[in-house]
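The values are calculated or read from the model by the stated rules, or taken from the named source; none is laboratory data. From a predicted model like this one, the values you see are computed outputs, not experimental measurements. Counting neighbours? That spans all protein chains shown, and the Cβs are built from the backbone with ideal geometry, glycine included.
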Amino acid sequence: MSQPQQVGGDDKIKLDFAVIGGGVAGLSCAIALGRIGHRVTVIEKNDSMLNAAAGRGVRMPPNLTKILLHWGLQDQLRAISVKSEAIQILLGNTGELLGTHRWDEELLKETRGEYLFAHLSDLLGLLYDEAIRCGADIRVGTTALSIDPAEGTIALDFGGVLHADVIVGADGVAGLSRSILLQEELAEEGDIEKSADRQLMWMYSATIPKGAILNDAALKPLYDEAQTTLFCWLGHGRSVVGYPLGGTEEFAICAYGPYDADQTLADGMRETMEHTEPRLQNLLPLLSSLQRHPVMQCQPLDDWVSQSSRLVIVGTAAHPIPPGSIQESAMAVEDGAVLARLFSRLDSRDQIGQFLWAFQDIRQPRCAAATESETNIMYYTCMPAGEEQEARDQGMRAKLAAGVEVLQAGADQEETPEWQEVKEVFGYDAEDEADDWWVKWGSLRYKSTGSALGFPVVQVEKTVS
């Protein structure tokens, strides 16, 4: 991975970025943009960004960790994480082992990243500290009431107005930023209406202290494996994933269950864990910091950039992905890395629109593929009882009996499609993709009187935050 082009000195343009949302996407943007000299203000409506992350683990695949390693965060990252080494797939109702997989060290080395488990709150804390170190002004307990993309302003709840050259909406699928772009899209399309977003399932998250698991003879094997192991229990219309966490030693639970608008949090979790094997039943009373998060089916937005080319959305505001999935946080960190890599090339304010539209062009296909893949994985693990589910289980049983790992090809294959996809996703380098775009397209300079490369030319006046 090549070093970023630094922005610095009096001859370089330094922009004011206002980021709405202090989650993984927002903080990643703040770090990446701050590293190259731009001024960043982050507003977060919660008094603490860590509250919403309580009880949640995070799986950090190599395409995420390679970015943090490149940012020089090796020591901080390893202090909060544990390396993922293996997977066990089991039947949820009986505990029958259906398959295993051990991560190939050589493959992970080729990706230039690591596959790590951590508390989501620890990842957010790491990103927060680094964003501050990179010069970000982070204002917690501050809510954006409205956005004017044409003027580049955000009205704040305490009566102030924040001005920016670029507004970055990292406020999620139900946030203000996404709604503004949806309104622009509907206005442009006239009477054509997009399908309404709808909730499909709940994702339940919780943690369990390691000591509580070790004190239960039935649960102790969850920590007794020779390798740090992720367990995935397959169910009918539900599934459970569990894995050890670094930092404070706890065990994370991520469970997908049916959506019932009238069901309480506790009742929903109990129903999700009904008719499961004894170990999962033993975990129920040990759960702490139980939360649930909606799994949504959202109509994709055509554009992630406003018509004024002053507002861009990132993270789940741009690409809603199942919560708790492997690539959820990875896509958010990649967004920040790509956005900053593009703006490291800035030498004219006329390029702002060009770089925002380039961000969309680079990220949309990648995020759409990741979202589709993670959604398919969720449905695969939650497959209802029937012929397809039986075929899935029998296929894994046959592999296990033959000594073949879950993602490993059989004798008649060189590679499984699933393994090829894992290699491609893990090996992806977000910053290199931005560099490739620059080599192919970006060095063709903007024309002052046209729309080179099909991007609108936008004249942006200097603003004061």
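A compact table of results
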| quantity | calculated |
| --- | --- |
| Subset of the stretch 314-353 (residues that are modelled with pLDDT of 95 or more, farther than 24 Å from E421 by Cβ and in contact with a Gly (Cβ under 8 Å, 6 or more places away or on another chain)) | A317, L342 |
| Residues of the stretch 347-383 satisfying the condition of being part of a helix (DSSP H, G or I), basic (K, R) and in contact (Cβ under 8 Å) with a residue 60 or more places away in the chain | R366 |
| Qualifying residue in the stretch 221-228 (condition: under 25 Å from the mean Cα position of the chain (by Cα), modelled with pLDDT under 95 and closer than 23 Å to A54 by Cβ) | yes |
| Any hit, the stretch 279-300, residues being within 20 Å of G172 (Cβ to Cβ), in a helix (DSSP H, G or I) and in contact with a strand residue (DSSP E or B) (Cβ under 6 Å, 6 or more places away or on another chain) | no |
| Counted residues, the stretch 1-25 - those being over 23 Å from R349 (Cβ atoms) and modelled with pLDDT of 65 or more | 5 |
| Members of the stretch 140-188 that are loosely packed, with under 14 Cβ neighbours inside 10 Å, touching a helix residue (DSSP H, G or I) at 6+ places or on another chain (Cβ under 9 Å) and small (G, A, S) | S146 |
| Condition check for G125: surrounded by fewer than 17 Cβ atoms within 10 Å (Cβ to Cβ), closer than 26 Å to G22 by Cα, touching a helix residue (DSSP H, G or I) at 6+ places or on another chain (Cβ under 9 Å) and touching a residue at least 12 places away in the same chain (Cβ under 8 Å) | no |
| Residue in the stretch 157-179 that is polar (S, T, N, Q), assigned by TED's automatic domain parsing to the domain that holds Q307 and not in a strand (DSSP E or B) present | yes |
| Condition met for A337 (closer than 30 Å to R56 by Cα, over 23 Å from the mean Cα position of the chain (by Cα) and in contact (Cβ under 8 Å) with a residue 24 or more places away in the chain) | no |
| The lone exception for Q354 - which of (1) crowded, with 24+ Cβ neighbours inside 10 Å; (2) within 27 Å of Y128 (Cβ to Cβ) it fails | (2) |
| Lone unmet requirement of (1) under 22 Å from I13 (Cα atoms); (2) outside any helix (DSSP H, G or I) for H319 | (1) |
| Among the candidates K447, K440, residue that is in the same structural domain as E374 (by TED's automatic domain parsing), surrounded by fewer than 11 Cβ atoms within 10 Å (Cβ to Cβ), at pLDDT below 95 and among the basic types (K, R) | K440 |
| Any hit, the stretch 252-264, residues being over 20 Å from K83 (Cβ atoms), assigned to a helix (DSSP H, G or I) and touching a residue at least 60 places away in the same chain (Cβ under 8 Å) | no |
| Residue ID - nearest to the chain's Cα centre (by Cα), chosen from residues in the stretch 234-251 that are assigned to a loop (DSSP other than H, G, I, E, B) and over 13 Å from A118 (Cα atoms) | R238 |
| L356 in contact with a helix residue (DSSP H, G or I) (Cβ under 7 Å, 6 or more places away or on another chain) and among the hydrophobic types (A, V, I, L, M, F, W, C) | no |
| Residue match in the stretch 211-218 (condition: out of contact with any Gly (no Cβ under 7 Å at 6 or more places or on another chain), surrounded by 14 or more Cβ atoms within 10 Å (Cβ to Cβ), without any contact (Cβ under 8 Å) to a residue 12 or more places away in the chain and not polar (S, T, N, Q)) | yes |
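Residue-by-condition table, conditions (1) under 22 Å from M396 (Cα atoms); (2) in contact with a helix residue (DSSP H, G or I) (Cβ under 9 Å, 6 or more places away or on another chain); (3) of a type in the set (G, A, S); (4) in a strand (DSSP E or B):
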position	(1), (2), (3), (4)
A196	no, no, yes, no
I208	no, yes, no, yes
A212	no, yes, yes, no
D216	no, yes, no, no
L219	no, yes, no, no
Y223	no, yes, no, no
C232	yes, yes, no, yes
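Residue by residue, here is whether (1) aromatic (F, W, Y); (2) in the same structural domain as L162 (by TED's automatic domain parsing); (3) more than 28 Å from K66 (Cα to Cα) holds:
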| site | (1), (2), (3) |
| --- | --- |
| R292 | no, no, yes |
| S306 | no, yes, yes |
| G315 | no, yes, no |
| I326 | no, yes, no |
| S329 | no, yes, no |
| A332 | no, yes, no |
| L339 | no, yes, no |
| F343 | yes, yes, no |
| L346 | no, yes, no |
